[in-house]
Amino acid sequence: MIKNISTIILIIFAFTVQGQNYKLGKVSVEELEEKINPNDTIANATILYKKHDVRFEYRENEDGFFQIISVHERIKIYNKDGFNWATKKIKLYNKSASNSEKLQTLKAYTYNLEGGKVVKEKLKKDGIFDEVANKYWKYKTLTLPNIKEGSVIEIKYEIISPYKQIDDIKLQYSIPVKKYEVYVKTPEYYVFNKLLNPRAAYHPKLETSRRNVSIPFAYIEDVISSKLSNVPALRDEPMVDNINNYAAKLIMELSMTRFPNRMTNSYATSWEKVTKTIYDIPSFGDQLRKKSYFEDDIDALISGESDLGVKTNLIYNFVKSKVKWNSYYGYTTDVGVRKAYKEGVGNTAEINLMLIAMLRYAGINANPVLISTKNNGIPLFPTRQGFNYVICFIENEGFNMLLDATNLYSTFNILPTRVLNWQGRVIRENGSSVWMDLAVNAMSKESIFLNAKINQDFSVEGKVRTSKTNYLAMEYRQRFANISAEDHIKYLEKDNGEIEINNLELKSINDPLQPVQSSYDYNLNGAIEEIGDNLYFSPMLFFATKENPFKQDTRNYPISINYPVSSKYVINVALPEGYEIESLPENFATIYDSDSGKFSYIIKQNGNYLQVLINMELSTTMILPNNYHAFKEFYRQIVENETEKVVLKKIL
């Protein structure tokens, strides 16, 4: 009897799976009625079905094989937080009019349930937009119509590409996937290395096979396939460098071509060869040799200067003020250094290659460093696409330094945090190259001096002075240097209770070589809690860390901290008349991972004043998941001590 019941259940399940129709336009009432994903109840949306198919077609009249990428996806949107899934960007390589990827077909629909019936609305031309990222990449952006809570959207498109390299295929997204089919079909003449992202926590299974193809001629096709069900969402966690570094994905590297009656061509390469190829590109290497456009200006700028450090600083600041960054990344120029110099605007390559050329002209040993930014991720194969940015490295006797002139507030060895990723590849003038570590070792320090007086109405008034160095100073300048004092004060007052700030003063806000300093007066209400004859308050007032950012019980991905940081608080609190100290927090000190993190809290009474000294130092920039619990506990102790109350007792 039990055996028969089990058989019936299996048959019902099989019919349910087979009965699901994933053909374009066949959205069911059940899909529209679904309120949550039963396997992931917090998901704002779910990919109900996706098919990603890569194949190669031989086109005799177009001289060879073309890559065809076909994508079909059906997405359920549960609530407003999932509405962003109704906007789709399709990325296309756009090298030239005759050598570009093209969107061949596109169909997209929104489905809603109205009166118990499925209502379909087609994407119209006014919902399709073209966007140019740079001279090599463009986007076709789709905004689907009439999106509501409960909508289902469906998109199907096909891209034709003259290129044989296959883009990485994502197998995991920030929302769950119910059903996912992936097929990669390549002619036997193209040999690919395949790799699943080793950093991913989710490991899908791949199957490989071969089959005979007879159209337009006979050859063997290699097939990689994967049929996935209930793919878990790739959920971001606090302080992850780039969550996509940990997404499951299929990476394909073209290693060789072997056509009949032709020599075998090998494409498997090394980082040395990749770097040399980039150096030989006219929009890279040639730009370093151009100098006539700036010679007169640089001669006048450094006239009479012999100190290399002074000349470096003069040229660096000149480029930062002369050419504004247009927010485009790239290690090759778009318009060229000469035009960027003339027009006063350029991409990363135009600005930093120009800087290198000027420094070399001034007799300074400067070289480019190729980088993959955080958004670009960490490459797993040697490839030109593994880099997307270039900065400057100075190697001179007595000082070595990294520079990026795209940011007004960066300075020597203080780079925009977007580039603090993995390693950089230094290219010297002879074309040779070596790796260099981009990890930050220098400590960024902040000092906060807080004076407070508790008034008879239990309001608190006082003065704050702050000083920040290195990365903390750069980020402070980026945030506040170009806004009004009024907006600056609003930012300081935000989320800090009933506080009023006045007399804000800034020092060295526009000088990246100096610590940035601020001072202001404040008046604070609500910080003192009166219960009976006692007063309760935290001496850190509005500077206390109010909650632990690490709330999860477990951690899947490393915690990334851009740079080592040190914070020092010196606090003096004048006690109100008529009160005495009932109790103080205990002095406390702790460490994390053999001094990688340190925290100390010292409090004492000195006459009618409370004096508090707090130090926190974090010298590591990476916390691995297996150290998460210890780091979480370290932060818990920080929060506990910073929020612990002083108790004052009324003198009767």
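Can you tell which of 263, 256 is of a type outside the set (Asp, Glu) and either closer than 30 Å to residue 563 by Cα or free of Cβ contacts under 8 Å to residues at least 60 places away in the same chain (or both)? Full working, then the answer.
Details: 256 fails: either closer than 30 Å to residue 563 by Cα or free of Cβ contacts under 8 Å to residues at least 60 places away in the same chain (or both).
Unique residue meeting the criteria: 263.
Restricting to region 151-199, what's the tally of residues that are in contact with a helix residue (DSSP H, G or I) (Cβ under 6 Å, 6 or more places away or on another chain) and either without any contact (Cβ under 8 Å) to a residue 24 or more places away in the chain or buried (at least 17 other Cβ atoms within 10 Å of the Cβ) (or both)? Lay out the reasoning, then the answer.
First, the residues of region 151-199 that are in contact with a helix residue (DSSP H, G or I) (Cβ under 6 Å, 6 or more places away or on another chain): 152-153, 199.
Next, only the ones that are either without any contact (Cβ under 8 Å) to a residue 24 or more places away in the chain or buried (at least 17 other Cβ atoms within 10 Å of the Cβ) (or both) stay: 152-153.
Residues meeting the conditions: 2.
Can we say residue 339 is touching a residue at least 24 places away in the same chain (Cβ under 8 Å), surrounded by 14 or more Cβ atoms within 10 Å (Cβ to Cβ) and not hydrophobic (A, V, I, L, M, F, W, C)?
No.
For the list (1) over 30 Å from residue 273 (Cα atoms); (2) at pLDDT 95 or above, I need the number of the one condition that residue 456 fails.
With (1) over 30 Å from residue 273 (Cα atoms); (2) at pLDDT 95 or above applied to residue 456, the lone miss is (2).
Any chance you could count how many residues in region 592-626 are closer than 21 Å to residue 544 by Cβ and free of Cβ contacts under 8 Å to residues at least 40 places away in the same chain?
Initially, region 592-626 is screened for residues closer than 21 Å to residue 544 by Cβ, giving 592, 597-605, 609-618.
In the following step, the residues that additionally are free of Cβ contacts under 8 Å to residues at least 40 places away in the same chain were identified as 597-598, 600, 602, 604-605, 609.
Total meeting the criteria: 7.
Looking at (1) surrounded by fewer than 13 Cβ atoms within 10 Å (Cβ to Cβ); (2) assigned to a strand (DSSP E or B), find the lone condition where residue 98 falls short.
It fails just one condition, (2).
Looking at region 224-233, is at least one residue crowded, with 18+ Cβ neighbours inside 10 Å and more than 30 Å from the chain's Cα centre (by Cα)?
yes
Which condition breaks for residue 93 when tested against (1) over 23 Å from residue 24 (Cβ atoms); (2) loosely packed, with under 14 Cβ neighbours inside 10 Å; (3) in contact with an Asp or Glu (Cβ under 6 Å, 6 or more places away or on another chain)?
Unmet condition: (2).
Within region 383-398, restricting attention to residues that are assigned to a strand (DSSP E or B) and more than 14 Å from residue 418 (Cβ to Cβ), which residue is nearest to the chain's Cα centre (by Cα)?
Ranking the candidates gives 392 first.
I need the full set of residues from region 169-194 which are at pLDDT below 95 and within 26 Å of the chain's Cα centre (by Cα), in order please.
Correct list: 194 only.
Out of curiosity, is residue 437 surrounded by fewer than 16 Cβ atoms within 10 Å (Cβ to Cβ) and farther than 30 Å from residue 309 by Cα?
no
Which residue is nearest to the chain's Cα centre (by Cα), if the candidates are limited to region 399-419 and must be crowded, with 20+ Cβ neighbours inside 10 Å, of a type outside the set (Gly, Ala, Ser) and part of a loop (DSSP other than H, G, I, E, B)?
Here the answer is 416.
So, of the residues in region 420-431 that are without any contact (Cβ under 8 Å) to a residue 60 or more places away in the chain and outside any strand (DSSP E or B), which turns out to be nearest to residue 543 (Cα to Cα)?
If we take residues in region 420-431 being without any contact (Cβ under 8 Å) to a residue 60 or more places away in the chain and outside any strand (DSSP E or B), then 422 is nearest to residue 543 (Cα to Cα).
In the list 370, 380, which residue meets the criterion of being closer than 23 Å to residue 253 by Cα and part of a strand (DSSP E or B)?
From the options 370, 380, the qualifying one is 370.
Could you please find all residues in region 325-353 being of a type in the set (A, V, I, L, M, F, W, C) and assigned to a loop (DSSP other than H, G, I, E, B)? Write out each step before concluding.
Restricting attention to region 325-353, the residues satisfying the condition of being of a type in the set (A, V, I, L, M, F, W, C) are 325, 335, 337, 340, 345, 349, 351, 353.
Selection gives 335 alone.
Collect the residues in region 420-435 that are of a type in the set (A, V, I, L, M) and under 30 Å from residue 616 (Cβ atoms), keeping them in residue-number order.
420
Give the residues of region 350-364 that are free of Cβ contacts under 8 Å to residues at least 60 places away in the same chain and more than 27 Å from the chain's Cα centre (by Cα), sorted by residue number.
359, 363, 364
Can you go through 283, 327, 270 and tell me which one is closer than 24 Å to residue 388 by Cβ and surrounded by 12 or more Cβ atoms within 10 Å (Cβ to Cβ)?
The unique qualifying residue is 283.
Can you tell me which condition residue 496 does not meet? The list is (1) in a loop (DSSP other than H, G, I, E, B); (2) at pLDDT 95 or above; (3) farther than 30 Å from residue 313 by Cβ, and all the others hold.
The number of the failed condition is (2).
Might you check whether a residue that is of a type in the set (Asp, Glu), in contact with a strand residue (DSSP E or B) (Cβ under 6 Å, 6 or more places away or on another chain) and crowded, with 16+ Cβ neighbours inside 10 Å occurs anywhere in region 122-145?
No: region 122-145 contains no residue that is of a type in the set (Asp, Glu), in contact with a strand residue (DSSP E or B) (Cβ under 6 Å, 6 or more places away or on another chain) and crowded, with 16+ Cβ neighbours inside 10 Å.
Select from region 286-324 the residues that are of a type in the set (D, E, K, R) and in a loop (DSSP other than H, G, I, E, B) and write down the one among them that is farthest from residue 386 (Cα to Cα). Give the steps one after another, and end with the answer.
Residues of region 286-324 of a type in the set (D, E, K, R): 286, 289-291, 295-297, 299, 305, 307, 311, 320, 322, 324.
Still in the running and in a loop (DSSP other than H, G, I, E, B): 290-291, 305, 307.
Working: 290: 26, 291: 29, 305: 39, 307: 37 Å.
By that ranking, first place goes to 305.
For residue 544, indicate whether it is over 29 Å from the mean Cα position of the chain (by Cα), farther than 30 Å from residue 203 by Cα and surrounded by 15 or more Cβ atoms within 10 Å (Cβ to Cβ). Walk me through it before giving the result.
Numbers: over 29 Å from the mean Cα position of the chain (by Cα): no; farther than 30 Å from residue 203 by Cα: yes; surrounded by 15 or more Cβ atoms within 10 Å (Cβ to Cβ): yes.
Answer is no for this residue.
Would you be able to tell me the number of residues in region 511-538 that are surrounded by fewer than 13 Cβ atoms within 10 Å (Cβ to Cβ) and over 23 Å from residue 643 (Cα atoms)?
Final tally of qualifying residues: 1.
Say we look at region 54-98 and pick out the residues that are polar (S, T, N, Q) and at pLDDT below 95; which of these is farthest from residue 39 (Cα to Cα)? Write out each step before concluding.
Going residue by residue through region 54-98, those that are polar (S, T, N, Q) are 61, 67, 70, 79, 84, 87, 94, 96, 98.
Still in the running and at pLDDT below 95: 61, 94, 96, 98.
Numbers: 61: 50, 94: 40, 96: 46, 98: 47 Å.
Taking the candidates together, the pick is 61.
Pull up region 458-493, narrow it to residues that are among the small types (Gly, Ala, Ser) and assigned to a loop (DSSP other than H, G, I, E, B), then point me to the one that is farthest from the chain's Cα centre (by Cα). Spell out how you get there, then give the answer.
In the first step, residues of region 458-493 are kept if they are among the small types (Gly, Ala, Ser); the result is 459, 462, 467, 473, 481, 484-485.
Subset that is assigned to a loop (DSSP other than H, G, I, E, B): 459, 481, 484.
On the way: 459: 42, 481: 24, 484: 28 Å.
Step by step, filter region 458-493, then rank; the result is 459.
Which of the residues spanning region 438-457 are assigned to a strand (DSSP E or B) and touching a helix residue (DSSP H, G or I) at 6+ places or on another chain (Cβ under 9 Å)?
If the condition is that a residue be assigned to a strand (DSSP E or B) and touching a helix residue (DSSP H, G or I) at 6+ places or on another chain (Cβ under 9 Å), then 444, 445, 446, 448, 450, 452 are the ones that fit.
Taking strands (runs of 3 or more DSSP E) that do not extend beyond region 578-647, which have at least 3 residues that are hydrophobic (A, V, I, L, M, F, W, C)?
In region 578-647, the matching strands (runs of 3 or more DSSP E) lie at 588-592, 597-606, 609-618.
Just checking, how many residues over region 549-563 are in contact (Cβ under 8 Å) with a residue 24 or more places away in the chain, part of a loop (DSSP other than H, G, I, E, B) and in contact with a helix residue (DSSP H, G or I) (Cβ under 9 Å, 6 or more places away or on another chain)?
Final tally of qualifying residues: 10.
Can you tell me which of 91, 50, 76, 23 is assigned to a loop (DSSP other than H, G, I, E, B), on the phi < 0 side of the Ramachandran plot and among the charged types (D, E, K, R)?
Checking each option against the conditions leaves just 23.
The values are calculated or read from the model by the stated rules, or taken from the named source; none is laboratory data. Since the model is a prediction, treat every value here as computed from it, not as a measurement. Methodologically, a virtual Cβ is constructed for each residue, glycine included, from the backbone with ideal geometry; neighbour enumeration extends over all protein chains shown.
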